[in-house]
Each structure stands twice: as C-alpha cells, then as structure tokens.
1. Output the residues belonging to region 75-112 that are open to solvent by less than 30 Å² (accessible area, probe 1.4 Å) and of a type in the set (D, E).
2. Among the residues of region 405-419, count how many are open to solvent by less than 70 Å² (accessible area, probe 1.4 Å) and under 8 Å from the mean Cα position of the chain (by Cα).
3. When the residues of region 430-439 are filtered to those that are surrounded by 22 or more Cβ atoms within 10 Å (Cβ to Cβ) and of a type outside the set (A, V, I, L, M), which remaining residue is modelled with the highest pLDDT?
4. What are the pairs with Cβ atoms under 9 angstrom where one residue, in region 384-397, is of a type outside the set (A, V, I, L, M) and part of a loop (DSSP other than H, G, I, E, B) and the other, located anywhere, is open to solvent by 60 Å² or more (accessible area, probe 1.4 Å) and at pLDDT below 80? Sequence gap at least six, or different chains.
5. With the requirement that a residue be part of a strand (DSSP E or B) and open to solvent by less than 30 Å² (accessible area, probe 1.4 Å), what does region 136-157 give you?
6. Of all residues in region 265-286, which are at pLDDT 90 or above, farther than 30 Å from I356 by Cβ and not hydrophobic (A, V, I, L, M, F, W, C)?
7. For the subset of region 240-274 comprising residues that are of a type in the set (F, W, Y) and farther than 24 Å from T327 by Cα, which member is most open to solvent (accessible area, probe 1.4 Å)?
Amino acid sequence: MNSAAPCGYETLDLLQKAFHTGLAGVALISLVLLPGLAAAQAGRAPQIATPPPVARPTVVTLANGDRATGLLAPSDASAIHLKTKGFGDLVLPWKGVMAVEFGDAIVVSVADGRQLSGRAAFNPDGTLVLKDATGESAVALTAIARLMWIDDPRRRANWRDHWNVSAASQLHASRGNSGETDFGGDLSITRQGEHSRFGLYANRRFSNASDGDSFSEVSDNANAGVRIDRNISKRLVGFVSTDFQHDRFQRLERLWVSGGMGWNVVTGETRNFTLPVGVSRGRDRQIEVIAGTGTGFDGRAVELSRSYNELQFGDSVRLQLKRQRGTISQDLTIYRQLGSASVSADAGLGNGVSNIRPIVGNVRAEFSAMLGLQFSSWLGWQVSVHDSYNRQPYQSVESNDFTISAGLTFAVGRKNTRPYGGTSSNVSKRASGDALPQR
C-alpha cells in the first residue's frame with residue numbers, strides 16, 4: 001500500500017500542473033485577443049430588433065348589407081382593395097360601398113398632385129374626409145390617384161399616380177385607299193388630374209396602298225397630336241387639340257387646330273355620354289397633283305395647298321364592363337366646312353397662283369367603335385372598326401376608308417385613365433379636296 005501511494009500523489013500533481021498550465025494558456029490568449037475584440041465592438045452600434053408596424057383591419061360595409069374585413073391594400077378612384085383571410089384579395093367598387101371603418105391612418109395621393117394623410121371618414125356622398133393636426137381636408141373619390149395604409153412602404157408618391165403610358169400593336173384589314181395587309185402601332189402618354197387631362201399620342205400604319213384595281217405600292221400613314229381637356233362644370237368640359245397627319249401614298253400632309261366644348265349628358269364611373277361641338281382651322285398640302293385643262297398647268301404635276309375653317313360636332317360613348325375587365329366605346333365626329341378656302345398651286349417654276357374660293361357644302365366624318373378587354377393590369381386586347389369618309393376627296397383618292405383592327409394593348413401607370421388617340425380614332429383622317437385655282 002505504501003509503495004502505491006507515491007504514484008497516486010504523482011498523478012494528482014501532474015493533473016494540477018496541467019490545469020494551471022491550461023489556465024495560463026487561456027489567460028495568454030485572452031490578453032492577445034480581447035483588446036482587439038473590444039476595439040471592434042466599440043465601433044459598432046448596438047442592434048435592437050424593432051418589429052415592423054402591424055396594420056389593423058379595415059371594415060367595409062356594402063350597400064346590400066354585407067361586411068368585408070381585411071387589411072387595406074393600395075386602392076384608387078375606382079375601388080377599395082382589401083386582403084382577407086377567407087376570400088383572398090377583394091376589389092370593392094366605391095359605388096357599392098355604404099360605410100368604411102379604416103383600421104389605421106391612411107395617405108391619399110390626389111390627382112392634382114397633393115398628398116394628404118391622417119384619420120379618414122368615408123361619406124356616402126362620394127368623399128373622404130381626412131383629419132390631421134392641421135385640420136380637415138375633403139377629397140372626392142374620383143380625385144384619388146392612390147390610397148393606402150400610412151405605414152405602407154409604397155406610400156411615397158411616384159409618376160404612376162398621375163401618368164398613364166399605353167401602347168398597342170395591331171393588324172388591320174382595310175378597304176379604300178389601303179390594301180388588305182396592314183400593320184400598325186400606337187403610343188399614348190396621358191396625365192390625369194383632378195379636373196383636367198393632358199395627352200400626347202401618335203400612331204403609324206404600314207400597308208399596301210391602292211393603285212387602280214390592285215394593291216401594290218408600299219405606303220405608310222402617320223398621325224400625331226396633343227390634346228388638353230378641362231372641366232368647366234360637372235356637365236361641361238372644354239378642349240383644345242392640335243393634330244398632324246402624313247400620308248405617303250396620297251403624298252398628303254395636314255395640320256389642324258381645334259377647340260370647343262363638350263356636354264356630358266351622362267357621366268359616371270361606368271357610363272359616359274358626351275356631345276362635343278367646336279371649330280377647327282386646317283391646312284392641307286398635297287404634292288404632285290396632276291393639273292387638268294384650263295388651269296395653266298395642263299398635264300403637269302403641281303403642289304396644291306389649301307387653308308380652311310370647319311365646324312365639328314358628334315358624340316362620344318364609354319361603357320365600362322363589369323369588374324373593370326374591359327371597355328366598349330364609340331366616337332363620331334362630323335366636320336362641316338365653313339365659308340371660303342384659300343387655295344394655292346405651284347409647279348415649282350415660279351408660276352404659282354392662288355385665290356379665295358367658296359366651299360360648297362363639303363363634309364367629312366370619322367366614326368370608330370372599339371371593344372377592349374383587360375387580361376391584367378398591363379396587358380389587354382382590343383378589336384375596333386373605323387370608317388373615314390370625305391365627300392370631296394383629292395384626286396386619285398377614294399372617298400371612303402373602312403378598317404377593322406385587332407391586336408394587343410400594353411399599359412403602365414395610373415389605371416383609371418382613358419388615353420387619347422389610338423388606332424380606333426386616328427386612322428387615315430382624310431383631308432378635304434378642292435379644284436385647282438384658275439389662272
């Protein structure tokens with residue numbers, strides 16, 4: 001027993017030495033590393049986890065007594081949007097809403113550029129009243145560009161609240177001054193305000209143009225314009241526009257400026273019927289008109305120019321399909337020439353001639369009808385018919401053009417905006433004709 005004891009003490013002594021050696025190593029490593037770690041932490045701010053704000057439910061009461069409860073999603077002038085657990089995403093048109101209890105403060109981007117925020121109260125008369133520390137502000141539902149929860153990360157206003165960019169790519173079947181195989185594209189940029197609308201629009205068509213009884217010569221038509229509409233009252237709207245037309249096959253260019261007023265006979269979110277009336281000033285230029293006998297340019301090609309005034313009137317109809325999935329529209333404009341026209345002709349030899357000639361009852365008309373379907377917020381499809389009639393066309397030009405068009409449409413930006421222009425209303429606007437002036 002006594003001979004075994006020293007071995008036990010030696011083992012215990014070795015363990016103690018190892019323990020102390022380990023402590024010394026840890027202390028040495030700490031002396032080397034801890035100052036560096038402390039320096040690194042000194043430059044770093046403490047991270048405090050902040051939970052994101054949680055929206056409270058919004059309750060919408062419909063005119064039929066039904067109630068929908070959910071989280072407010074970005075909405076606009078046409079409908080309030082809710083995200084619900086049981087029914088998914090709901091789109092509830094304002095016209096069917098009786099009451100709204102907003103769970104939280106909201107922010108509203110108004111069509112005139114303002115941005116309002118605060119607690120909101122819904123009025124069935126078609127307004128929202130927002131209250132903040134500065135007071136109360138009433139906003140018409142039709143003037144809302146965007147409405148959302150005040151803590152929504154998308155609350156910052158952007159160009160999509162006021163602007164709409166639309167484009168279309170279409171195939172055309174034509175009879176008249178162009179052949180059967182037509183292709184074209186449209187572009188429209190529109191800004192929608194609370195009481196006004198401004199737009200730029202352009203379209204171009206490529207076609208096989210008529211040459212006698214066959215369609216052979218390649219041609220293109222292009223139209224572009226600018227228009228402004230401004231509400232004068234609930235029933236009256238004023239408009240000013242300028243348009244330019246280029247027709248390669250007819251070797252025709254035309255520029256005209258129009259202004260007038262429209263009476264909104266029926267106005268609403270889904271139905272509109274307007275009767276516009278106005279006046280326009282136009283100027284035509286046609287190159288290589290073949291002069292007839294008795295004109296002093298017998299048998300020669302001349303450039304013919306003409307300036308004139310017109311009275312314009314017609315109608316415009318818009319019907320919104322259920323759940324905003326499409327639109328049916330119809331437009332008719334009749335142009336009745338007034339007074340006299342200033343006519344000039346020039347063969348390019350310094351022997352031009354001009355005079356003032358009376359206009360004898362010339363009438364031209366533009367008719368279009370369109371059905372548009374919306375597949376998503378940016379993609380759609382439309383089919384349209386268009387007829388352009390001119391009672392006194394220029395030489396070698398048919399008096400009537402009929403076109404059927406179909407194709408895809410693309411749009412980004414504000415949704416409840418009706419863009420200007422488009423193939424359905426601007427294809428092949430024919431200039432009025434007249435005889436050459438006498439020498």
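1. Across region 75-112, the qualifying residues are D76, D104.
2. To start, the set of residues in region 405-419 that are open to solvent by less than 70 Å² (accessible area, probe 1.4 Å) comprises 405-407, 409, 411, 413-414, 416-417, 419.
Narrowing the set further to residues that are under 8 Å from the mean Cα position of the chain (by Cα) leaves 411, 413-414, 417, 419.
So the answer is 5.
3. Of everything passing the filter in region 430-439, S432 is modelled with the highest pLDDT.
4. Q392/V360; Q395/I290; S396/I290
5. Within region 136-157, the subset part of a strand (DSSP E or B) is 136-140, 144-149.
Passing the criteria: V139, I144, A145, L147, M148.
6. Restricting attention to region 265-286, the residues satisfying the condition of being at pLDDT 90 or above are 265, 273-281.
Checking which are farther than 30 Å from I356 by Cβ leaves us with 265, 273-275.
Within region 265-286, T274 is the sole residue that qualifies.
7. Let us first name the residues in region 240-274 that are of a type in the set (F, W, Y), namely 244, 249, 256, 263, 273.
Narrowing the set further to residues that are farther than 24 Å from T327 by Cα leaves 244, 249, 256.
Working: F244: 86, F249: 37, W256: 6 Å².
The selected residue is F244.
Residues checked against (1) part of a strand (DSSP E or B); (2) hydrophobic (A, V, I, L, M, F, W, C); (3) modelled with pLDDT of 70 or more:
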position	(1), (2), (3)
A209	yes, yes, no
D220	yes, no, yes
A224	yes, yes, yes
S241	yes, no, yes
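The values are calculated or read from the model by the stated rules, or taken from the named source; none is laboratory data. Quantities reported herein were computed from a predicted structural model and do not represent experimental measurements. Positions of Cβ are generated from backbone atoms using ideal geometry, with glycine treated the same way; all protein chains shown enter the neighbour counts. The accessibility values were calculated without ligands, DNA or RNA, using every heavy atom of the protein model including side chains. Shrake-Rupley method; radii C 1.70, N 1.55, O 1.52, S 1.80 Å.
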